[in-house]
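What follows is a set of notes on a single structure, which appears directly below.
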Amino acid sequence: MIEFLSLMYDNPKLIIETAALKENAVAWRSPSNIAIIKYWGKHGVQLPRNPSISFTLDQAYTDTKLAYRPKRGADEGIALDFFFHDEPNEAFRKKIVQFLDKITPIFPFLRQLEMTIHSSNSFPHSAGIASSASSMSALALCLCAMEDQFFGTLNNIEAFRKKASYVARLGSGSACRSIYEGLGLWGKTIEVEGSSDEFAVGYTAEVHEIFHTFQDTILIASKGEKSVSSRAGHALMEGNAYANPRYDQARRRLHTLLAALKTGDVETFGRITENEALTLHALMMTSNPPYILMRPNSLKMIELVQQFRKDQNVPVYFSLDAGPNLHLLYPETEKEQVMAFIQSELVPLCENGEYIADQVGKGPLEL
Ligand code: DP6
C-alpha cells in the first residue's frame, strides 16, 4: 500500500529531457549517529513524538554510489539493480524500490531512469550496528545530488542539506540527523530556532569545544539479529502507558542537555546520556508485548563502566541504541585511560572481541 504523503518538496516540474541525458553517477559517504536524547515514538509520515539530538559519527559510515541512464522501456515503475558489498541483494532492493516509489512526488525523474546502486558499510555487516541512519542518509544525499546535476536546483549548501535531511527522514527517522557535522537536532523545539519535525538542523554553534572531539567506542555485546525491529518498536509506543510522560521528559531533558553542551558540563551530559539509554530500554520492557534487547554482557559492561567511573574518577558514560551494543562516550583527553580499561575489562565481553573506535565526525562526504 502506498501511504499518503503531503510533502513540502513535491515538485512535478522535476522531469528530465531524457534524449539529452548521458549515463552518469553520484556517490556519497554518510555516517551513522548516536542519539543523546532519543527518538522513540512517531506519528503521521515519519514525524517524531519528541525532539532528539545526536552526535554524528566518523568511522561508522555507508558508501553509496548511484549510477543512472535514461530508461529504454516505457514502463512507469522504478527500475533498480541493487548491490550490497558487490553482491546483488534482493531484500534490500525491494525495500529501496518501495521507498523510491513513495518519494516520486519529490523526485518525479526517478521514473525516467534505469538505476544501479552499489552500497557498502565500513562496519561489519553482521555487527548488529543500526545501519539505517548511514544508509538512508547516503541514499538521500545521492538523490539530491542527482536533482542538482539535472536541474541545478540545490547548489546552495543549506538548501541541499535541508532537503537531503528531509528525504533521509522519510527513509528512516534517525537518518535525518546524520547530514550534519558535529551534532544534529531533529524535532520542533522552542529551544532551537529553525528546528523542525520535518528535517534536522546542524547544532554546532552553541557547543563547548570539549564535545567537538568526543570519543565513541562501540562495544559489540552481541551480533545477533534483533528480535524486534526499530519500526515495530516505534509502533509499540502507541500503546505504552508511559508514552506521554516520556515525550514530556525528553523535552525537559533537551533543555538541560543543551545548557550542558554549551558550558562543557560533561557530568550533566553523561547523566542525561545514560538515563536516556536506560529510558529507551525501559520503554521496550514496558511495551505490550514487552521485550528486552540488552544481552547479559550489555548489563555486565554497564556495571563495569559505572564502577570504573566511580573508582578512577574518569568521565566515561554509556549509551545504547535499539540493540545490545554499548557506546562509550568520553572526552578525547581521557582516551588513553579509557582504552586501557576497555581492552582489559570490556573487550573480553564483546562478541569475538569486536569493537569500533569512533568519534564525533565531520558529516557526509561526496565521493
Ligand atoms: C533507538 O530511525 O531506526 O536509534 O524511523 O522507523 O527508521 P525508523 O526508526 P529509527 O529509530 C532509531 C531510534 C534510536 C534512537 C535515535 O536514534 O534517536
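The values are calculated or read from the model by the stated rules, or taken from the named source; none is laboratory data. The structure presented is a predicted model; accordingly, all values stated were derived computationally and were not measured. As a convention, Cβ positions derive from the backbone with ideal geometry for all residues, glycine included, and neighbour counts pool all protein chains shown. All accessible areas refer to the heavy atoms of the entire protein, side chains included, with ligands and DNA or RNA removed. Shrake-Rupley method; radii C 1.70, N 1.55, O 1.52, S 1.80 Å.
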Could you tell me which numbered condition ARG72 fails, if it satisfies all but one of (1) away from the ligand (no atom under 16 Å from the Cβ); (2) within 24 Å of the chain's Cα centre (by Cα)?
-> (2)
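If only one of GLY184, GLY128, GLY224, GLY173 is under 15 Å from the mean Cα position of the chain (by Cα) and at pLDDT below 95, which one is it? Walk me through how you get there before you give the answer.
Values: GLY184 fails: at pLDDT below 95; GLY224 fails: under 15 Å from the mean Cα position of the chain (by Cα); GLY173 fails: at pLDDT below 95.
Only one candidate passes the filter, namely GLY128.
Would you mind finding the one in THR153, THR213, THR189, THR204 that is within 16 Å of the ligand (Cβ to nearest atom), assigned to a loop (DSSP other than H, G, I, E, B) and in contact (Cβ under 8 Å) with a residue 12 or more places away in the chain? Quick ask: steps written out before the conclusion?
Numbers: THR153 fails: within 16 Å of the ligand (Cβ to nearest atom); THR213 fails: within 16 Å of the ligand (Cβ to nearest atom); THR204 fails: within 16 Å of the ligand (Cβ to nearest atom).
That would be THR189, the only listed residue that is within 16 Å of the ligand (Cβ to nearest atom), assigned to a loop (DSSP other than H, G, I, E, B) and in contact (Cβ under 8 Å) with a residue 12 or more places away in the chain.
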Qualifying residues in segment 29-66 (those that are aliphatic (A, V, I, L, M) and open to solvent by less than 30 Å² (accessible area, probe 1.4 Å)) - the one farthest from the ligand (Cβ to nearest atom) | LEU66
Are there any pairs with C-beta distances below 9 angstrom linking a residue in segment 23-36 that is part of a strand (DSSP E or B) to a residue that is among the aromatic types (Phe, Trp, Tyr) and within 13 Å of the ligand (Cβ to nearest atom), with the two at least 6 apart or on different chains, and if so which?
-> ASN33/PHE55; ILE34/PHE55; ALA35/PHE55; ILE36/PHE55
Kindly indicate whether ASP101 is outside any loop (DSSP other than H, G, I, E, B), more than 16 Å from the ligand (Cβ to nearest atom), open to solvent by less than 60 Å² (accessible area, probe 1.4 Å) and under 28 Å from PHE211 (Cβ atoms).
-> no
Give me a count of the residues in segment 332-362 that are surrounded by fewer than 19 Cβ atoms within 10 Å (Cβ to Cβ) and assigned to a loop (DSSP other than H, G, I, E, B).
-> 2
Taking the residues in segment 170-185 that are assigned to a helix (DSSP H, G or I) and farther than 12 Å from TYR39 by Cα as candidates, determine which candidate is farthest from the ligand (Cβ to nearest atom).
-> ILE179
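Of all residues in segment 239-287, count the ones that are at pLDDT 95 or above and open to solvent by 40 Å² or more (accessible area, probe 1.4 Å).
21
Could you grab me the full set of residues in segment 294-316 that are out of contact with any Leu (no Cβ under 8 Å at 6 or more places or on another chain), assigned to a loop (DSSP other than H, G, I, E, B) and touching a residue at least 24 places away in the same chain (Cβ under 8 Å)? Quick ask: steps written out before the conclusion?
If we filter segment 294-316 for residues that are out of contact with any Leu (no Cβ under 8 Å at 6 or more places or on another chain), which is where we start, we get 295-296, 299, 303, 306-315.
Going one step further and asking which of them are assigned to a loop (DSSP other than H, G, I, E, B), we end up with 295, 313-315.
Those that are out of contact with any Leu (no Cβ under 8 Å at 6 or more places or on another chain), assigned to a loop (DSSP other than H, G, I, E, B) and touching a residue at least 24 places away in the same chain (Cβ under 8 Å): ARG295, VAL314, PRO315.
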